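Trainee: Before I ask anything, here is the structure I am working with.
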Amino acid sequence: YTTSNNTSVPTSGAINFTNFYGATRIFTLTISANTQEADLSALATAAGWDGSAPLEVFINSSIYVWSDSISTPALLVNVNNAVIFNSVLIMGRGGNGGTSRGTGNIAAQAGGSAINVTGTGVLLTNNASAFIAGGGGGGAGATGVASGQTWRSGGGGGAGGGLGGTTTNGSTGTL
């Protein structure tokens, strides 16, 4: 059996040794379970990839590829010339909401990346019903005064797991 990239190798009829000159084996990696912060090179190497064969990756449907860190992508594509077929939701982590406090607010965080491609020549096919989404940014916290009362509100967390902000050092009021 030869992989489909070897067009000089006949699939039927007479076969000659010269048909195999220049032929290469493609290594196929299938991601079929929920995976947090997938590093393609590490996953492929753990599955037996030699680090030099062309890499073809299938990310199966009905799973998630995600990140729990705004500084780490859900999928790190650190292999040159990788061919990826995505059938799932790949999502970056949402940023935390801002915090409102009496001594100064803490800004909300930006969301994290879904994919970081550091390899060259990468081809990504996003199949039907597959999504790639960076994490949403967190909402800002707020402080205000209404009817003589100071109120504080934490910002909402961004989509993809961001935590809501908090309030400290002050009463909350109803507007």
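Trainee: Considering only the range 10-48, state which residues are open to solvent by 40 Å² or more (accessible area, probe 1.4 Å) and hydroxyl-bearing (Ser, Thr, Tyr).
Mentor: Within the range 10-48, 11, 12, 18, 21, 24, 28, 30, 32, 45 meet the criteria.
Trainee: All but one of (1) touching a strand residue (DSSP E or B) at 6+ places or on another chain (Cβ under 6 Å); (2) part of a loop (DSSP other than H, G, I, E, B); (3) among the aliphatic types (A, V, I, L, M); (4) open to solvent by 40 Å² or more (accessible area, probe 1.4 Å) hold for residue 124; which doesn't?
Mentor: (2)
Trainee: Quick one: in the range 1-46, of everything that is small (Gly, Ala, Ser) and more than 30 Å from residue 94 (Cα to Cα), which residue is modelled with the lowest pLDDT?
Mentor: At the first step, the residues of the range 1-46 found to be small (Gly, Ala, Ser) are 4, 8, 12-14, 22-23, 32-33, 38, 41-42, 44, 46.
Still in the running and more than 30 Å from residue 94 (Cα to Cα): 4, 8, 12-14, 22-23.
On the way: 4: 63, 8: 72, 12: 80, 13: 83, 14: 85, 22: 74, 23: 74.
Once the filter is applied, the top-ranked residue is 4.
Trainee: Testing residue 132 on (1) more than 21 Å from residue 32 (Cβ to Cβ); (2) open to solvent by 40 Å² or more (accessible area, probe 1.4 Å); (3) within 19 Å of the chain's Cα centre (by Cα), one condition comes back false. Which one is that?
Mentor: (1)
Trainee: Now, a different point. Looking for whichever is more than 21 Å from residue 87 (Cβ to Cβ) and out of contact with any Gly (no Cβ under 7 Å at 6 or more places or on another chain) here; the options are 32, 52. Which one fits?
Mentor: Working: 32 fails: more than 21 Å from residue 87 (Cβ to Cβ).
Matching residue, one of 32, 52: 52.
Trainee: Suppose we keep only residues that are among the acidic types (Asp, Glu) and over 15 Å from the mean Cα position of the chain (by Cα) within the range 49-79. Which one would you say is surrounded by the fewest Cβ atoms within 10 Å (Cβ to Cβ)? Don't jump to the end; show me each part of the working.
Mentor: Taking the range 49-79 and keeping what is among the acidic types (Asp, Glu), we get 50, 56, 68.
Then drop every residue that is not over 15 Å from the mean Cα position of the chain (by Cα), which leaves 50, 56.
Working: 50: 9, 56: 19.
Checked the range 49-79; the qualifying residue surrounded by the fewest Cβ atoms within 10 Å (Cβ to Cβ) is 50.
Trainee: Moving to a separate point now. Under the condition of being polar (S, T, N, Q) and surrounded by 22 or more Cβ atoms within 10 Å (Cβ to Cβ), which residue from the range 81-112 is farthest from the chain's Cα centre (by Cα)? Write out each step before concluding.
Mentor: First, pick out the residues of the range 81-112 that are polar (S, T, N, Q): 81, 86-87, 96, 99-100, 103, 105, 109.
From what is left, the residues that are surrounded by 22 or more Cβ atoms within 10 Å (Cβ to Cβ) are 86, 96, 99-100, 109.
Details: 86: 11, 96: 17, 99: 26, 100: 30, 109: 17 Å.
The selected residue is 100.
The values are calculated or read from the model by the stated rules, or taken from the named source; none is laboratory data. All of these numbers come straight from a predicted model, not from anything done at the bench. Every residue, glycine as well, gets a Cβ built from its backbone with ideal geometry; the counts of neighbours run over all protein chains shown. Side chains are part of the model used for accessible areas, which takes the heavy atoms of the whole protein and leaves out ligands, DNA and RNA. Shrake-Rupley method; radii C 1.70, N 1.55, O 1.52, S 1.80 Å.
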